[in-house]
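Here's the structure we're looking at; comments come further down.
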Amino acid sequence: MADLLDHPTKVRPEEELDLSKLEPFLRRHFPDELGPLTLQQFPSGHSNLTYLLQFGSYELVLRRPPFGSKVKTAHDMGREFRVLSRLHSVYDPAPVVLYYCEDDSILGAPFYLMKPIRGIILRRDPPPGLHFPPEKARRLCESFVENLALLHSLDYAAIGLADLGKPQGYLERQVRGWIERYHASKTHDYPEVEKISEWMQQHIPSTGGISLIHNDYKYDNVVLDPGDITRIIGVLDWEMCTIGDPLSDLGTTLAYWVEPQDPDELQKIRWSPSTHAGSLTRAQLVERYANTAGRDVYDMVFYLVFARFKVAVIVQQIYYRYHLGMTKDARFSSMPEVVKALLRASLHSAETNSI
């Protein structure tokens, strides 16, 4: 089973860290460790960068913003560290964070260290050799949704996170903000943008409650137990976590969820094995969430339209850095096709009133 774990690889060009500056920082915090420092990178993320440090007998994960990014609010390491430092005590899948460093002179940007969570991460397809029959796929879907409902049930005020977001006017602010973010990173003309923008502004529902939300909850942000892949042992990438509408969190999950009958352009950008035999449909995910959370679920068409638009803008922002030469990561070159597919899917949901 070890070969199925998520492994780091060689650091990508232009994303290297200056170990001569990092090592003294580590030795201050681990004064008894005399062993060498080596560095690898987890290769699959598209936003904040994640590295595995082997520091003598210690294994540490380091998170820092992407190189070239000027949008500090989108990559606030201190905020992410604060969330996780409060969250793990009441929500086991949250990583255990260790140290935060805001001194830009070390790595050129703030960063934090956390303990690694060793397990399996599902991406586009199950890793070769993984036993993943339909009954396990279904149970994993159920666990996946139940874990999201558990997050939404937490008393965020009791753990000191009440000031993390502004719940009043959340949806209006989100819709307006993501439209503005699209135009600030625009590189292509997509006719769907204006139609979706107008539709969203006309169909904003009353907020479906307030909770702590992850805001990017998808299969490749959860870590699975190697001994039981239906059990979630970790949830990663908390950079967008806030206090907001839990149905918008569910909507984001649906935006990443591709079904077998979805059009080819969505199949091409599928993020996870959501089409695998036994997997729930988007409608079944919503039903499972409603039953688990004991929460009224309504207007999911709006939440899916908005979420697909939001994910399209996130992808567009990543491509924008590539377009300006701020990153040379070749994975980003095809992102306009991803943006186009998501925008078309968003508009289709609005026009057909379906998820």
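The values are calculated or read from the model by the stated rules, or taken from the named source; none is laboratory data. Not measured: the values here are computed from a predicted model. Every residue, glycine as well, gets a Cβ built from its backbone with ideal geometry; the counts of neighbours run over all protein chains shown. Side chains are part of the model used for accessible areas, which takes the heavy atoms of the whole protein and leaves out ligands, DNA and RNA. Shrake-Rupley method; radii C 1.70, N 1.55, O 1.52, S 1.80 Å.
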Quick one: what pairs do we get from the range 54-80, first residue under 17 Å from Asp104 (Cα atoms) and of a type outside the set (S, T, N, Q), second at pLDDT 80 or above and loosely packed, with under 15 Cβ neighbours inside 10 Å, C-beta under 7 Å, 6+ apart or different chains? Phe67/Glu14; Gly78/Glu102
When every residue in the range 269-287 that is within 26 Å of Met335 (Cα to Cα) and either of a type outside the set (Lys, Arg) or at pLDDT below 95 (or both) is compared, the one surrounded by the most Cβ atoms within 10 Å (Cβ to Cβ) is Ser274
Filter the range 215-241 down to the residues that are within 19 Å of Gln168 (Cα to Cα) and either without any contact (Cβ under 8 Å) to a residue 60 or more places away in the chain or open to solvent by 20 Å² or more (accessible area, probe 1.4 Å) (or both) and list them by number. Asn215, Met240
For a quick check of your reading of the model, give me the residue pairs whose first member lies in the range 168-182 and is closer than 10 Å to Gly244 by Cα, whose second is open to solvent by 30 Å² or more (accessible area, probe 1.4 Å), with beta-carbon atoms closer than 8 Å and at least 6 apart or on different chains. Tyr170/Thr207; Tyr170/Ile210; Leu171/Ile204; Leu171/Thr207
Of (1) of a type outside the set (Val, Ile, Thr); (2) farther than 24 Å from Ser333 by Cα; (3) at pLDDT 95 or above, Leu34 satisfies all except one. Which? (3)
Members of the range 87-133 found to be among the small types (Gly, Ala, Ser), out of contact with any Leu (no Cβ under 7 Å at 6 or more places or on another chain) and open to solvent by 20 Å² or more (accessible area, probe 1.4 Å), listed by number: Ser89, Ser105, Gly108
Note on Glu265: of the conditions (1) surrounded by fewer than 19 Cβ atoms within 10 Å (Cβ to Cβ); (2) over 14 Å from Val338 (Cα atoms), unmet is (2)
Within the range 28-54, work out how many residues are part of a strand (DSSP E or B) and of a type in the set (S, T, N, Q). 5
Among the residues of the range 134-158, what is the count of those that are open to solvent by less than 20 Å² (accessible area, probe 1.4 Å) and closer than 13 Å to Ser279 by Cα? 6
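Conditions (1) closer than 30 Å to Leu151 by Cα; (2) open to solvent by 70 Å² or more (accessible area, probe 1.4 Å); (3) at pLDDT below 95, marked per residue:
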site	(1), (2), (3)
Tyr289	yes, no, no
Ala293	yes, no, no
Val311	yes, no, no
Arg331	no, yes, yes
Met335	no, no, yes
Arg344	no, yes, no
State all residues of the range 5-27 that are among the aliphatic types (A, V, I, L, M) and either assigned to a helix (DSSP H, G or I) or more than 19 Å from Pro65 (Cα to Cα) (or both); if no residue qualifies, say none. Leu5, Leu19, Leu22, Leu26
Taking the options Asp92, Asp104, name whichever one is among the acidic types (Asp, Glu), farther than 29 Å from Arg321 by Cβ and out of contact with any strand residue (DSSP E or B) (no Cβ under 7 Å at 6 or more places or on another chain). Asp92
So which of Leu212, Leu224 ends up being outside any loop (DSSP other than H, G, I, E, B), under 20 Å from the mean Cα position of the chain (by Cα) and within 30 Å of Glu135 (Cα to Cα)? Leu224
Tally time: how many residues in the range 89-147 are over 20 Å from Asp237 (Cα atoms) and of a type in the set (Phe, Trp, Tyr)? 1
Residues that are within 23 Å of the chain's Cα centre (by Cα) and modelled with pLDDT of 95 or more: which helices (runs of 4 or more DSSP H) entirely in the range 102-189 hold 2 or more of them? 134-152, 170-184
